[in-house]
Amino acid sequence: MHFRRIVISGGAGFVGASLALALKTAFPGISVLAFDNLKRRGSELNLARLRQHGVGFLHGDVRCPEDVAQWPAFDLVVDCAAEPSVQAGIHGDSLPVVANNLGGTIQCLEAARRHQAAILLLSSSRVYPIERLNALAFREDATRFVWTGSDQVPGFSARGIAEDFPLAGRRSLYGATKLASELLVQEYAWIYQIPALIDRCGVLAGPWQMGKVDQGVVALWAARHVFGRELTYFGYGGSGKQVRDLLHIEDFCDLVCRQLERPAAWDGRVYNVGGGQDVSASLRELTELCRTLTGVQVPVRGRAEESPADIRIYLTDARRVATDFGWQPQRSVGDILTDTLAWIARCQSELREYLA
């Protein structure tokens, strides 16, 4: 592999730690350093796993230039550090999400410039404008909302949203910081000749995700069933019919391993990454699958009021990344939930304070 010394910002988080372990397993000879401030509760549980697999750890804050300056020499930085909630800043201070997401990427880019290293940015499907997505024609089926596919919009088909879907419009502070980060990555790639790649991810899910009400929906749903806690369908009449495509974290790690072996593709290009129609679920469908797998039925409330950041349907059209890297998701929604439930059952006493 072309990259031998890798730093992962946010390296003790769900995605960062999973990637660190996957890269170390796939390429045993490389050096991987996880850099994290351990602010998110539960991230400290990953430290033993990282250490056991030979991944280094450095405590620090990606927003702080002095901390980033402590990174040893590297040839690739994977920018996973972020405030991950799309609700961030909507009802309070905007500075944390802007400083974390955009400010952190700036520090990663400056470090990459100094070391003449590559950068992989984990961006988000939330860069696409909320009103444009919600304006797409749909129908209401028994368990989910479904796009009809009748709109003549660039980058849209019944398969989902492709990379050329229009970007004009509001998208939340979270989405705006991710789009701004993308633009800066592309500018640095052009000006400083830094190899760069951007993955716009949908909903990543699987074991070791510390799900919360505003982020990590699959882990949250699984944990609520294991611990017997109530669930709530927010928005769209409290129907639970809003849909997202999902991607098992291991499928994402498989993609990144393929991307690292193709340095010629690292020219600042953007890829939409997700499970697409085949690996998608509504909240209502997720509830039924949890009930089937656990044998537990928890109370479910419906609340009609919507957040300004709510989206009725999002599905990824990942044909570009599939074509360029010969990659397809291998794990179903059922696989994602089964693996997540098995992890919670295995670590139930340890996870109770985080997920219950």
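Since every read-out is calculated from the coordinates, none of them should be taken as a lab result. Note that the structure is a prediction, hence the values are computed from the model and not measured. Glycine gets a Cβ as well: all are built from the backbone with ideal geometry, and neighbour counts include every protein chain shown.
Each Lys or Arg adds one and each Asp or Glu subtracts one; over the other residues with Cβ under 15 Å from the Cβ of Cys347, this totals 0. This ranking places Arg331, Arg262 by how few other beta-carbon atoms lie within 10 Å of each, fewest first, which gives Arg262, Arg331. Towards the positive end of the charge dipole of the stretch 43-144, with charges on Cβ (+1 Lys, Arg; -1 Asp, Glu), say which of Gln116, Ser43, Gly60 has the farthest Cα. My answer, from the dipole projection, is Gln116.
As a proxy for reagent exposure, ranking Phe14, Phe325 by other Cβ atoms within 10 Å from fewest up yields Phe325, Phe14.
Considering only Ser181, Ser280, Gly155, and ranking their Cα positions along the charge dipole of the stretch 5-355 that arises from unit charges at the beta-carbon of Lys, Arg, Asp and Glu, the one farthest toward the positive end is Ser280.
When the Cα positions of Leu337, Phe145, Ala205 are compared along the charge dipole of the stretch 5-355, Leu337 comes out farthest toward the positive end, with charges on each C-beta of Lys, Arg, Asp and Glu.
The charge dipole of the stretch 5-355, taken about its Cα centre with unit charges on the Cβ of Lys, Arg, Asp and Glu (plus for the first two, minus for the last two), comes to roughly 440 debye. What's the center-to-center distance, using Cα atoms, between the stretch 89-150 and the stretch 1-27 in Å? So the separation of the two Cα centres works out to 22 Å. Considering only Val217, Val226, Val298, the mean-square fluctuation computed in a Gaussian network model of the chain, springs between alpha carbons under 10 angstrom, is largest for Val298.
If eta is 0.890 mPa s and T is 25 °C, what Stokes-Einstein diffusion coefficient results for the stretch 5-355, Kirkwood Rh from Cα pairs, in µm²/s? This corresponds to a translational diffusion coefficient of 120 µm²/s.
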